[in-house]
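What follows draws every value from the coordinates through simple rules; no lab data is involved. All values reported here derive from a predicted model rather than from experimental measurement. Here the Cβ is made from the backbone with ideal geometry for all residues, glycine too, and neighbour counts use every protein chain on show.
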Amino acid sequence: MKHTDLYIDGQWRDGAEGQRFDVVNPATEEVIASVASAEIADADAALDAAEKAMLDWAARSPRARSEVLRKAWELMTGRLEEFAHLITLENGKAKADAMGEATYAAEFFRWFAEEAVRADGMITRAPASGARIMVHHKPAGLAVLVTPWNYPAAMGTRKIAPALAAGCAVIIKPASETPLTMLALMPLLEEAGVPAGLVNVLPSRRSGALVDHIMHDPRVRVVSFTGSTSVGRTLLKGAADQVLKPAMELGGNAPVVVLEDADMGTAIEGTMLAKMRNLGEACTAANRIYVHETLAEDFTRRLSAEMSALKVGDGTDPSVNVGPLVNASTRDKVAAFVADAVAKGARVECGGVAPGGKGFYYPPTVLSNVPETADCVNDEIFGPVAAIQTFSDEEDVIRRANATEYGLVAYVFSEDFKRALQICERLDYGMVGLNRGLVSDPAAPFGGVKQSGLGREGGHEGMLEFMETQYISASW
Ligand code: NAD
């Protein structure tokens, strides 16, 4: 499955300047591939191919587009193991996490095959003039998609599938740490019937210049980005020049609120999932865990026991629960968060020491008594560290949970549904998990408020990010 060249107009090509860059296995620190690096001339070739392919694709019936997406889901579902293996090799995540991602990634093709035929319109009579107000949605135009390394498959398919359903052609720039999975998807899309030029993949060492160039081409109308808030801001500024439609899935700082009436088993299970899915390398990862003071001791003990029981190792070993982090700088950042919290008074309940040797490993770690001033309370940890704080007052915990510029996802655990729903509504987050540690679902609108982003992926909203609304005022 290993493709290492650029994918433009349905063909594998070397980059215009012949440059390449290495992809490293985080478990062994060995180079596993040398990948072609796209330059400006490659971007221009991809733009030309996309423009040509979109003419025909946008004119096809929604049903015809739907069938291709459905076929992509079928094909990918038959190859989950292969995709999962590749994801583990380039990203490091454990096999179970990689299988979860591959399944989730494939599901976007099925969901948007179903949505492709549901681009609803509307016809009403204008109240005053009596003219007909006809509203329909058109494909927005070429889209540039930029994705992160933490979900090499799913963050791509979550954009490609709705774009194709809407009738758009795309150029995708995968993260430089993990370009192989997206490249491996291309033969599958070809087999599903995606025409040449409709989906182009441009890994690059010069992401900034490349994406900026594509965003300034007048044929491009959408920029859809998943990644850090700081890069998102840069892209938003660039998008302003051509007033592109932006879809931004940015960083998070998810609070978990465990109320005094929570079911302990549910709260532990949900917190483990919210914290350890993808070994904490997720924008949705539990970052701040607020436990009511009456439960704190029991909760901390049980969470530490669960975390300590996880097996750390090379993610290709199916008995491993926690693989290595993606690279040395991510591991070192996690270690620095722990050191900072401890220096400020936090207690290490388990983990907390990176092993030596090969691989970017960091053990599942629980910190209690974490002070508000700790860096890990204010920044994304992006690793397997659970930072526990306590609270006694509901108003106080809502205020603390909302005290961040992020607003992606929050989690609430309580057996009192009325009270819990009241709290959910007061949390300034695009998504809330109530007695659940997992909110991601292709059928739901995924996205954040505040500096966690703009727009939604998945659900009914996801396809509209790639469409423009047109209104025709008609008389007859
Ligand atoms: P990143 O912002 O560093 O990189 C994301 C992508 O942008 C990569 O493809 C990278 O090569 C590219 N890039 C970097 N600089 C660029 C520039 N100047 N112009 C254009 N492209 C550029 O993020 P990352 O480290 O790959 O991923 C981790 C971040 O992603 C975290 O902050 C996480 O919260 C966020 N994330 C958000 C979601 C979400 O749905 N909200 C999902 C996954 C990850």
inquiry  = Just to confirm the filter: which trypsin sites (Lys or Arg not before Pro) across segment 265-320 are DSSP coil and have at most 13 other Cβ within 10 angstrom of their Cβ?
reply    = Lys311
ask   = At what distance in nm do the modelled label points of Glu269 and Ala126 sit from each other, each positioned 7 Å from its Cα along Cα→Cβ?
value = 5.7 nm
key: Separation of the Asp332 and Lys344 label points, Cα + 7 Å toward Cβ, nm   = 2.1 nm
task = Using Cα pairs closer than 8 Å and at least 6 residues apart in sequence, work out the relative contact order for segment 254-441, in percent.
result = 29 percent
note = segment 367-407 and segment 208-260 have their Cα centres apart by a whole-number Å value of 25 Å
task = Based on the mean of other Cβ atoms within 10 Å per residue, sort peptides 351-359, 20-28 so the most packed one is first.
result = 20-28, 351-359
request  = Would you mind pulling out the separation of the Cα centroids of segment 166-187 and segment 311-362, in Å?
outcome  = 29 Å
Cα-based shape type of the chain, given that a ≥ b ≥ c are square roots of the gyration tensor eigenvalues and the cut on a/c is 1.5 = oblate
request  = Calculate, in nm to one decimal, what Asp48 and Glu415 gain on full extension: separation in residues at 0.36 nm each, minus their alpha carbon distance.
outcome  = 126.5 nm
query = Stokes-Einstein at 25 °C, 0.890 mPa s, Kirkwood radius from Cα pairs: D for segment 72-209 in µm² s⁻¹?
reply = 151 µm²/s
query = Volume per residue, Å³, of the convex hull around the alpha-carbon atoms of segment 340-399?
reply = 91 Å³
key: Full-extension gain in nm, Ala474 to Gln242, via 0.36 nm per residue minus C-alpha separation   = 80.5 nm
task = Would you please calculate the Kirkwood hydrodynamic radius of segment 317-476 over all C-alpha pairs and express it in Å, rounded to one decimal?
result = 18.6 Å
inquiry  = Under 16 Å from a point placed 7 Å out from the Cα of Arg63 along the Cα-to-Cβ direction: which residues of segment 183-198 have their backbone N that close?
reply    = none
remark   = Ordered by fewest other Cβ atoms within 10 Å, a rough proxy for footprinting exposure, Ser473, Ser368, Ser228 read Ser473, Ser228, Ser368
Point-to-point label distance, Ser308-Leu438, nm (Cα→Cβ direction, 7 Å offset) = 2.7 nm
query = What does the highest-first list of 431-439, 119-127, 290-298 look like by mean Cβ count within 10 Å?
reply = 431-439, 290-298, 119-127
